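Shown next, in structure tokens, is the structure this report addresses.
Quick note: the coordinates plus some simple rules give every number you see, no bench work behind them. Not measured: the values here are computed from a predicted model. Ideal geometry is used to build each Cβ from the backbone, glycine not excepted, and the neighbour counts take in all protein chains shown.
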Amino acid sequence: MKIRLSGRVFLSWLIIAGLAGLFAGPATAADTIKLGVAGSHSGDLASYGLPTKRAAELVAREFNAKGGVLGKKVEILSEDDVCKPEVATNTATKLVSRGAHVVLGHICSGATKTALGIYKDAGIVTMSSSATNPELTQSGKYPNFFRTIASDDAQAKLDADFAMNVLKVKKIAVLHDKGDYGKGLAEYARSFIEASKKAKVVVFEGITPGAVDYSAVVNKIKQSGAEAVIYGGYHPEASSIVIQMRKKKMDTIFISDDGVKDDTFIKVAGKAAEGVYASGPKDTTKNPLAIAAIAANKSTYNTDPGAFFLNGYAAAQALLNAIQKAKSTKYEAVAKALRTYPVDTPLGKIKFDKRGDAIGVGFSMYQVRNGVYVEVTAAAPAAAKKKK
Amino acid sequence: MDYFLELFLGGLTRGSIYALIALGYTMVYGIIELINFAHGEIYMIGAFTALIVSSVLAFAGMSGLSVLFLAASVAIIYSAAYGFTVEKIAYKPLRQAPRLSPLISAIGMSIFLQNYVMLAQTSDFLPFPNLLPELTFLESYGLMIGSSEFIILMTTAVSMVLLTVLIKFTKMGKAMRATAQDRNMAMLVGVDVNRTISYTFIIGSVLAAIGGVLIASHIGRINFYIGFIAGIKAFTAAVLGGIGSIPGAVLGAFILGWTESFATGYVSSDYEDVFAFVLLVLILIVRPSGLLGRSTVQKV
């Protein structure tokens, strides 16, 4: 009896607290423009998510210094999804219930895909700095989605063309990590290679992320006589494969994606990383706005910008600018503003096409030389952008 | 044929990696019927300790075998201390509790240790220096088997022999076997059961630490999560061979390693885990207690 009583008391407290929350919620929501930031802020992929979060904070500070957006201060609501689809739905629900007006995120394609439905139902414009899965924009399922990074098929085309036209290899092994991002990229690369008929895909396989070693798959690559490997996935597995290939004294060329174009890859793979190719967003660090953003990051957080920092910066600017231009936080108005008004960002002047892809944002090929990624100039990137 | 041999050796190396960890699972299970989920974490802590020690030593200008020796020794001592402490904190108070309680406690310990290392160290992947020496006599076979693979194989073999000697011929081994057979009876005839259990945990942790140092050197990178994945596979190997049986754990680990290696080599790495677990299910259908499970072989 006693237990039941205290249970009831607890329940009534809960109801009171809930009601208080209901009344308090809208009252504070009116005071600020809430910019939700979702992505991997902890866990093994934190190095992809934290730069975008820092960028959002810097942009919010910049807007606030100029008097905010629509006369209101910008507030950052940050939620961690550790790049896991199953966590991302919670993250998205949380942001919606906390009253986010627009969302910058998520970071990984898989997590973004599961979260987008929730934002769509809530009528929230969502913009990712790094989710490159083509379907996100091309399927037409998510009219609320925008991104400041080019999609995987553009990247896969660049990787495949680079291997066939610049490096002139004839036999290519295509690997992926079975994830949305890696597998998507690998499948596009395979279809581009097969369509061009300039080279043959000799191995096409998914590996198990996190396995203790990859010697079997490395043996298979060796056995197949592949001259180059195109890998779709992230840096932890890529570094393992590269290290094991070099240990076996294989000089097979390794080409990968922007999941590998991360300084952590070079740090972990060390000497084995030398000569590895990875495609990544075009180098815009010479843009004056980019220089300013990187300098602000350095003086505020005292770290290097990191992966997707400028994309995150551009996305935050585009979102807030669109609210400003639309004079509203309503979904239709913001989406229309994003498609209509160009905005100056560290990535250059950008606006968005009908599907939500940023116009004028593309990829370049990089190579590890003496422990840093250096942009490789080639004829291929120009061709990569046209046919999408 | 060369290809087959390469896959065979690759599977053998992978199997030895699993075996070093699986032994810890099977020993603890054999003696107190507890699945020690924190065991993978002990392996991870061993690797981290070796990384820290070797970085400090490299900074102080040391190199070569002495670094390996010192780093491995510190890692072994440190991991053994962790194994000992985990047992005292998480399992000993629950010795008379229902069997599910220590299991939950073990999972909790595993999550705690993972997050503790993540917060105390970093969540990023860290490069692990190759501490293992390059064996020159292997050079002509370099394409078949690398130095680190060879060293892993040899270490596993030596550990196995030492472990068998320890269990068969020493007083402590006898106490372990007695405790495994009947804890209460062992206590009545004067075996210090608590001490015996502590020793079991320490030996298991030592093996895990050795595994941690070798495997991290072989793979070249570590983070706080490596223990979980390796632990799951090693646990599978232990079940496959018959949990509680030491030769069983080793046999199970090799079978698992070969299955994965050949599945990748001849079919596709997409199905690596599928083959491994299909095999596990098939074996458990035919022999529910594992290949060398308790009905045929004396535990521990």
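On a straight-distance basis, which aspartates and glutamates could pair with A:LYS84 in a cross-link, Cα separation under 20 angstrom, same-chain partners fewer than 8 positions away excluded?
Result set, ordered by chain and number: A:ASP44, A:GLU135, A:ASP152, A:ASP177, A:ASP180, A:GLU237, A:ASP257, A:ASP258, A:ASP262, B:ASP124.
Go ahead and run the numbers for FRET between B:VAL278 and A:LYS271, Cβ-Cβ distance against an R0 of 45 Å, rounding to 0.05.
Numbers: r = 39 Å, r/R0 = 0.86.
The pair B:VAL278/A:LYS271 has a calculated efficiency of 0.70.
Give the order of A:PHE309, B:PHE275 when sorted by the count of other beta carbons within 10 angstrom, beginning with the fewest. Don't jump to the answer; show the numbers that get you there.
Details: A:PHE309 25, B:PHE275 17.
Exposure proxy ranking, most exposed first: B:PHE275, A:PHE309.
Send over the Kirkwood Rh of the protein assembly as shown, from the inverse of the averaged 1/r over different Cα pairs, rounded to one decimal Å. Don't jump to the answer; show the numbers that get you there.
Working: mean 1/r = 0.0366 Å⁻¹.
Value: 27.3 Å, from the Cα pair sum.
With an 8 Å cut-off on Cα pairs and a minimum separation of 6 or more residues, tell me the relative contact order of chain B in percent.
Details: 484 pairs, mean separation 107.5, N = 300.
Relative CO of chain B lands at 36 percent.
Could you sort out which of A:LYS261/A:LYS354; A:LYS170/A:LYS271; A:LYS120/A:LYS354; A:LYS157/A:LYS197 sit more than 22 Å apart by Cα distance in this structure? Show your work: numbers first, answer last.
On the way: A:LYS261/A:LYS354 29 Å; A:LYS170/A:LYS271 26 Å; A:LYS120/A:LYS354 16 Å; A:LYS157/A:LYS197 14 Å.
Check vs 22 Å cut-off fails for A:LYS261/A:LYS354; A:LYS170/A:LYS271.
How do B:LEU279, B:LEU119, B:LEU23 rank when sorted from fewest to most other Cβ atoms within 10 Å of their own Cβ?
Numbers: B:LEU279 18, B:LEU119 11, B:LEU23 27.
Listing B:LEU279, B:LEU119, B:LEU23 from fewest to most nearby Cβ atoms yields B:LEU119, B:LEU279, B:LEU23.
May I ask you to order A:148-158, A:73-83 by the average number of other C-beta atoms within 10 Å around their residues, highest value first? Could the numbers behind the result be given before it?
On the way: A:148-158: 26.7, A:73-83: 21.5.
Highest to lowest by the protection proxy: A:148-158, A:73-83.
Using only Cα atoms and rounding to the nearest 10 degrees, what angle (0 to 90) does helix A:215-224 make with the longest principal axis of chain A?
Taking the Cα atoms of chain A, the angle to A:215-224 is about 50 degrees.
Straight distance only, please: which aspartates and glutamates reach the Cα of A:LYS351 with their own Cα at less than 17 Å, same-chain residues fewer than 8 apart left out?
Filter leaves A:GLU332.
If we restrict to alpha carbons, what Rg and Dmax does segment B:187-264 come to, in Å?
When restricted to Cα atoms, segment B:187-264 yields Rg and Dmax of 15.6, 52 Å.
Under a plain spin-label model, where a point goes 7 Å from the Cα along Cα-to-Cβ, how far apart in nm are A:LYS178 and A:LYS66?
The answer from the label model is 4.8 nm.
By count of other Cβ within 10 Å, fewest leading, how are B:GLU87, A:GLU194, A:GLU57 ordered? Please list the in-between numbers first.
Values: B:GLU87 25, A:GLU194 14, A:GLU57 20.
Going from least to most buried by this count: A:GLU194, A:GLU57, B:GLU87.
How much space per residue, in cubic angstrom, does the convex hull of the C-alpha atoms of segment B:2-286 take up? All intermediate terms of the calculation are to be shown ahead of the outcome.
On the way: hull volume 40.3 nm³, N = 285.
Output value, Cα hull per residue: 141 Å³.
Please give, to one decimal in nm, the separation of the simple spin-label points placed at B:ILE107 and A:ASN370, each 7 Å out from Cα toward the Cβ.
5.3
Would you mind giving the mean number of other chain beta-carbons within 10 Å of the Cβ of each residue in B:270-282, as a whole number?
Values: counts 8, 3, 7, 2, 0, 0, 1, 0, 0, 0, 0, 0, 0.
Averaged over the peptide's residues, the number is 2.
When DSSP assigns beta bridges and you keep just the ones with both residues in the protein assembly as shown, what percent turn out antiparallel, to the nearest 5? Before the final figure, lay out each step's value.
On the way: 17 of 51 bridges.
Bridges in the protein assembly as shown that DSSP calls antiparallel: roughly 35 percent.
Using only Cα atoms, tell me the angle between helix A:46-65 and the longest principal axis of chain A; keep it within 0 to 90° and round to the nearest 10.
On a 0 to 90 degree scale, this one is about 50.
Helix-derived [θ] at 222 nm for chain A: sum -39500 (n - 2.57) over DSSP H runs of at least 4, divide by residue count, nearest 500?
After summing the helix terms and dividing by the residues of chain A, the value is -15000 deg cm²/dmol.
Straight distance only, please: which lysines reach the Cα of B:LYS171 with their own Cα at less than 23 Å, same-chain residues fewer than 8 apart left out?
Excluding near neighbours in sequence, the set is B:LYS88, B:LYS92, B:LYS299.
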